[in-house]
Amino acid sequence: MHIPTSRRSIRAALVGAVLVTACGAAAAQWIFLARHAIGRIEQMQQSSPAATGGVGASYDVATVIVEVEPDKVFAAVLRRLSANPEVKVTHTDAAKRSVEFSDGKQIGGIQVSALGDKLSQLLVSTAHPGVPGAVTSKLVDRILAVCKELGVTCERSSG
């Protein structure tokens, strides 16, 4: 069966229109989900059982997505770390936007990842012996301080 060129063109245009509409709807859903996640600080922690006669190891992780250029986020992180006399920066990799630090009791790292031109993910992790929970709350407080310095609204996740 031979379909005239004009009919093929109309069919191709209709298929294209349907695909563009479907892609637009998918993009709109992604944008809705991303907007819901921006500024929400997620956190987790885990501790190993205490070793015989000793203290188990723990780690804490917190992350947030902000609508700020990654380089600006990283610069704010470096300023806050250098302003804290209790913390010593042990390694910085500006190309990867990562920094490692220690306060003598725990070690930590921060990495800023580009999710877009003006969209960044800030990831903070620490490893330490001792009581879980207290460090996670400090991590979240420090992330809130970075958000405030950047002029963006961040909040603790509710669940």
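Annotations for the structure displayed:
- Of the set (1) farther than 17 Å from Arg40 by Cα; (2) open to solvent by less than 40 Å² (accessible area, probe 1.4 Å); (3) part of a loop (DSSP other than H, G, I, E, B), all apply to Val68 but (1).
- Test: residue in segment 47-62 that is at pLDDT 90 or above and part of a helix (DSSP H, G or I): no
- Residue count for segment 83-111 under the criterion of being in contact with a helix residue (DSSP H, G or I) (Cβ under 6 Å, 6 or more places away or on another chain) and on the phi > 0 side of the Ramachandran plot: the result is 1.
- Scope segment 94-104; condition open to solvent by less than 30 Å² (accessible area, probe 1.4 Å) and at pLDDT 95 or above; matching residues: Ser98, Val99
- Selection count, segment 72-111, where residues are under 14 Å from Glu149 (Cα atoms) and out of contact with any Phe, Trp or Tyr (no Cβ under 7 Å at 6 or more places or on another chain): 10
- Given (1) at negative phi; (2) touching a Pro at 6+ places or on another chain (Cβ under 9 Å), index of the condition Arg80 fails: (2)
- Residues that are at pLDDT below 85, assigned to a loop (DSSP other than H, G, I, E, B) and open to solvent by 40 Å² or more (accessible area, probe 1.4 Å) within segment 105-159 comprise Lys105, Val131, Pro132, Ser158, Gly159, listed in sequence order.
- Flag: Thr126 does not match the condition of being more than 16 Å from Ala62 (Cβ to Cβ) and hydroxyl-bearing (Ser, Thr, Tyr).
- Taking the numbered list (1) under 17 Å from the mean Cα position of the chain (by Cα); (2) modelled with pLDDT of 90 or more; (3) of a type outside the set (Asp, Glu); (4) surrounded by fewer than 16 Cβ atoms within 10 Å (Cβ to Cβ) in turn, Arg79 passes all entries but (1).
The values are calculated or read from the model by the stated rules, or taken from the named source; none is laboratory data. Just so you know, these numbers come straight off a predicted model, no measurement behind them. Here Cβ is always computed from backbone atoms with ideal geometry, including for glycine, and neighbour counts include all displayed protein chains. What goes into the accessible areas is simple: the full protein's heavy atoms, side chains included, and nothing from ligands, DNA or RNA. Shrake-Rupley method; radii C 1.70, N 1.55, O 1.52, S 1.80 Å.
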